[in-house]
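Colleague: I have a structure I would like to understand better, so I am pasting it below and will then ask my questions one at a time.
The values are calculated or read from the model by the stated rules, or taken from the named source; none is laboratory data. The shown structure was predicted, so the numbers you read here are calculated from the model rather than taken from an experiment. Ideal geometry is used to build each Cβ from the backbone, glycine not excepted, and the neighbour counts take in all protein chains shown. With ligands, DNA and RNA removed, areas are computed over all heavy atoms of the protein, side chains included. Shrake-Rupley method; radii C 1.70, N 1.55, O 1.52, S 1.80 Å.
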Amino acid sequence: MATSRFRSDEAALDTFYEDLSDKHLQPLWKLHGLLTPAPEVRAIPYRWCADDLAKLGRRAGDLVPIDRGGDRRVLAMSNPGLGGAPYISSTLWAAVQYLQPHESAPAHRHTPAALRFVLDGEGVYTLVDGDPITMARGDLVLTPSWTFHEHHNPGDVPMMWLDVLDLPVVAALDAVFFEAADGPAPDPGRLPRSVAERRWGGGAGLAPAGVSDLPPHSPLLVYRWQDTDAALDALLDVENTADATIRFRDPGRDRDVMPTMRCEMRRVLAGTTTHRERQTGTRVSAVLDGSGTVVLGGDAFDLSPGDVFVVPSWCTHQLHARTRLDLFTTSDSPVLEALHLHRSEQVDA
Ligand code: GTQ
Ligand code: FE2
């Protein structure tokens, strides 16, 4: 494809611009909007309603057998500002995945890392590098970069959950690899408890000593709602506050669960309005429980259980909890922090 051809009324300069174009060169003095005073973000603040996600997920379940639609029955949230790209922002993929009773999504692995957050239901299990992880409401499940994963629904009811991947980051770095596993998944039979969970989920602040071969992500692959819920209650109580956030940690090294994605759970008590803040990087949030409003930039969105919304980079966000609000948030903050590009500020009016 030819590069841009710039124009000038001055004959010599116009010829020069033509020659530049022939050689695929561009003059910076004709290029605008590259070094902006603040991020110019194409993604817009947006909310997907639980009701729409559930109804359309069910229809996908009825209309698209998992073999006809490819490996995974997934509906990607496409940010209206991104011109039709299947991304929720320039850095994150977010989607709902729907699995009918007795269906399986076959094993594969890819360099983009994924996480699942369960907004409702139970019964599905995921094998992560062969380790069986059961999934239930409020659980956070990790499928880190290049780990094999496959989802199975042995139960009698369909199940849907939220997927978030760092796919756009990995794609921008031209580092996407994908591999299907060969052969059918071995039937785990009676489902044992995850080995990772038994090794690393022993209790608060407890981790096995002398482990020298840690993976580049959290060795604990599932964070149970019961623990998150209790931690939030305790924190609200001890801080005597109406707004508390728990961060999911890698228990092996005390850092974010994966190199590219941070996960947090926030609880805001009824009647509370939070500080108005903004930061660089994308935040994807999902309402586990409660109702209220989120103000994103100049737009207010009602929130109900199961709703998903995106806060684009440097867009202000503020919550108002009508009833007690439990909000899961994942972000690309570890990437921004690693590159020293993280900025945040409180912008209370
Ligand atoms: O569950 O394996 O939303 O590979 C996108 C890509 C889910 C998955 C997505 C995937 C998966
Ligand atoms: Fe996958």
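Colleague: Residue by residue through segment 44-54, which ³J(HN,Hα) values in whole Hz follow from phi under the Karplus form 6.51 cos²θ - 1.76 cosθ + 1.60 (θ = phi - 60°), with glycine and proline marked x?
Modeller: 10, x, 7, 10, 9, 7, 3, 4, 5, 4, 5
Colleague: May I pose another question? Taking θ = phi - 60°, what integer Hz values does the Karplus form 6.51 cos²θ - 1.76 cosθ + 1.60 yield along segment 222-239, in sequence order, with x for Gly and Pro?
Modeller: 9, 10, 7, 4, 4, 6, 4, 4, 5, 5, 5, 4, 5, 5, 4, 5, 6, 7
Colleague: While we're on this one: Residue by residue, what Karplus-based ³J(HN,Hα) values in Hz, rounded to whole numbers, does segment 84-89 have, using 6.51, -1.76 and 1.60 with θ = phi - 60° and x for Gly and Pro?
Modeller: Working through the residues one at a time gives x, 5, x, 10, 7, 7 Hz.
Colleague: Would you mind computing Rg(Cα) / (2.2 N^0.38 Å) for segment 196-339, counting N as its residues?
Modeller: Numbers: Rg = 16.2 Å, N = 144, 2.2 N^0.38 = 14.5 Å.
Cα-based Rg divided by the globular estimate yields 1.11.
Colleague: Given H placed on each backbone N at 1.01 Å, which residues far from Thr316 in sequence or on other chains put an amide H within less than 5 Å of it?
Modeller: Those lying under 5 Å, H to H, from Thr316 are Gly297.
Colleague: Taking the simple approach of a point 7 Å from Cα along Cα-to-Cβ for both Ala54 and Arg5, what is their distance in nm?
Modeller: About 5.7 nm, to one decimal.
Colleague: In addition: At most 16 other Cβ atoms within 10 Å and a DSSP loop assignment: could you name the chymotrypsin sites (Phe, Trp or Tyr not before Pro) in segment 14-65 that fit? Working shown, then result.
Modeller: Numbers: sites: Phe16, Tyr17, Trp29, Tyr46, Trp48; in loops: none.
Passing sites in segment 14-65 do not exist.
Colleague: Using 0.36 nm per residue of separation minus the Cα-Cα distance, give me the extension gain between Arg72 and Ala171 in nm, one decimal. Display every interim value, and only then the final one.
Modeller: On the way: separation 99, 0.36 × 99 = 35.64 nm, distance 1.95 nm.
Stretched out fully, the Arg72 to Ala171 stretch lengthens by 33.7 nm.
Colleague: Compute the acute angle (0 to 90°) between the alpha-carbon long axis of helix 11-22 and the principal axis of greatest extent of the alpha-carbon atoms of the chain; round to the nearest 10°.
Modeller: 30 degrees
Colleague: Quick check: at a probe of 1.4 Å, how many percent of the accessible area of the chain sits on carbon and sulfur atoms? Mind dumping the intermediate values first?
Modeller: Values: 9330 of 17620 Å².
Carbon with sulfur: 53 percent of the solvent-accessible area.
Colleague: List the residues, sorted by chain then number, that are 5 or more residues from Tyr46 or on another chain and whose placed amide H is less than 5 Å from its amide H.
Modeller: The answer is Val310.
Colleague: Let me know the Rg and Dmax you get for the chain when you use only its Cα atoms, in Å.
Modeller: 22.5, 80
Colleague: Tally Lys/Arg at +1 and Asp/Glu at -1 over every other residue whose Cβ is under 13 Å from the Cβ of Gly123; what's the total?
Modeller: -4
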